[in-house]
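A.B. asks: Got a structure for you, written out below as structure tokens; questions coming shortly.
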Amino acid sequence: MRLLLLLLLLFCFSCNIALQNPSPSADISGQSSSPVHTWWLILVSGFSASILFFIWKNLAGYHRIRWLQLWHIIIRQVGNEQYDLGVLALSLAILCWLVSGLFSLVQAPFVQLLATSVCSSLNSGFLLLFLRHLDKEDLPPSFSAYFPTRHTIWTVFIMVVLVTGSLAVCVHTVGLPDFAMLIPDLAFSLYTLYFIGFSFFYLLETRLKSVEIAVLSWVPIVITLLAEVFQLVSSKQNGLSDPVLKMWHETLLFSYKPLLIISYFVLIYSWQLKRINRKEMLPSAKPGRPAPDTVSADVQAGREQYRLLGPKDWMILEALVRGEKTTAIAAAYPADFPNGAKGVDDRIGAIAREFQLSGQSQIKIVVTALKRGLLAYP
């Protein structure tokens, strides 16, 4: 109810702005002449991207992270199925909206339109990467089988940027209409919204057991589609002259991104609720003492954050907790470590890198694993 009242207040505020500006001076990007919407979206996008980034940082176990290290993670690991970086990809997608909003303040219509179109395409690419990290067991196999690979996502993004750049050259040289630069991004956005709409519907219906909430998840998608259409029409006509159409355009620009962000947070909440329900279904032990299955579930949930580590690595950590040496571990599992103790040391080095630890101190690695709840030993 409070959310509906807030949306009604925003709608009235947008109507007031639109009616106070009956002769629009909007530029070719379709943005309002008033900077209120732009600054509002910059603040919302920046705040939401920051919150999601710190959520990912906490889940990944990074206590401190440098810019160069973050760039390395983005380039090497975003979109990699072996490492869960979905929340980071979502944070970067929303960050693209912040950058797009900053470019909207530039008083050069051609540069503004080109930059916002590229940022929007990059946003679609990161959203598709985020969708790749969803729990596929909650999606119908017939739908999840059509998910694009990370190589397909980046290839399509590069093609969209190249086509947009080519159209920008044509606009600047041969006088092609300005709105032509929006068409490649619009096609990429429609492709992305298709996967977002059906993924959110299936996930929320499966996790929350509510068809009503699943249907409501389509509302931001429909509003986003209308905003895309209004933006294209406004750019084609170099602004909307009808006050009613201008009012709807202002309202859609003001609301569709916050509504999508709310949908993303609802999806994260449903994922957390799924984990809670899974734990509650486990049998409980005596009062005052957690059941072994519950502890195992907690440990398993923590280990899922480290997709590059396999059962062999957790076995090594558990053996180190028991005080076993690397030679003893290699001798106990000769099939897993044909190189002997050297193979065990190599995996210990991989564990240290995954934990973001300098060196291969076994004590430091074990202490870190215990602090993060990754081992079922007191």
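A.B. asks: With contacts defined as alpha carbon pairs under 8 Å and 6 or more residues apart, what's the relative contact order of the range 31-278 in percent?
C.D. replies: 19
A.B. asks: Once the piece of chain linking SER166 and PHE54 is laid out straight, how much longer is it, given 0.36 nm per residue of separation minus the C-alpha distance between them?
C.D. replies: 36.6 nm
A.B. asks: Report Rg/Rh for the range 124-218, rounded to two decimals, where Rg is the Cα radius of gyration and Rh the Kirkwood radius.
C.D. replies: Answer for the range 124-218: 1.13.
A.B. asks: Can you run phi through the Karplus equation (6.51, -1.76, 1.60; θ = phi - 60°) for the range 107-115 and list ³J(HN,Hα) in whole Hz, with x for Gly and Pro?
C.D. replies: Residue by residue, the range 107-115 yields 8, 9, x, 5, 5, 4, 5, 5, 5 Hz.
A.B. asks: Computed FRET efficiency, Cβ-Cβ of ILE363 and HIS72, R0 35 Å: what is it to the nearest 0.05? Walk me through the intermediate numbers first.
C.D. replies: Values: r = 27 Å, r/R0 = 0.77.
About 0.85, to the nearest 0.05.
A.B. asks: Shifting gears a bit: Would you calculate the separation in nanometres between label points at ARG64 and PHE147, each defined as 7 Å from the Cα along the Cα-to-beta-carbon direction?
C.D. replies: 3.6
A.B. asks: So what J values fall out for the range 143-160 if you push phi through Karplus, 6.51 cos²θ - 1.76 cosθ + 1.60 with θ = phi - 60°, rounded to Hz, Gly and Pro as x?
C.D. replies: Listing the rounded values in order: 8, 5, 5, 9, 5, x, 6, 5, 5, 5, 4, 5, 5, 4, 4, 5, 5, 5 Hz.
A.B. asks: What number results when the radius of gyration of the range 292-371, computed over Cα atoms, is divided by 2.2 N^0.38 Å?
C.D. replies: So the range 292-371 has a normalised radius of gyration of 1.07.
A.B. asks: Which whole-Hz ³J(HN,Hα) couplings does the range 253-267 yield from phi under the Karplus relation 6.51 cos²θ - 1.76 cosθ + 1.60, θ = phi - 60°, glycine and proline marked x?
C.D. replies: 4, 6, 10, 6, 5, x, 5, 5, 4, 4, 4, 5, 5, 5, 5
Read-outs throughout are calculated quantities, based only on the coordinates presented, and are distinct from any laboratory measurement. Please read all numbers here as calculations on a predicted model, not as lab measurements. For neighbour counting, all protein chains shown are included, and Cβ atoms are generated from backbone atoms with ideal geometry for every residue, glycine included.
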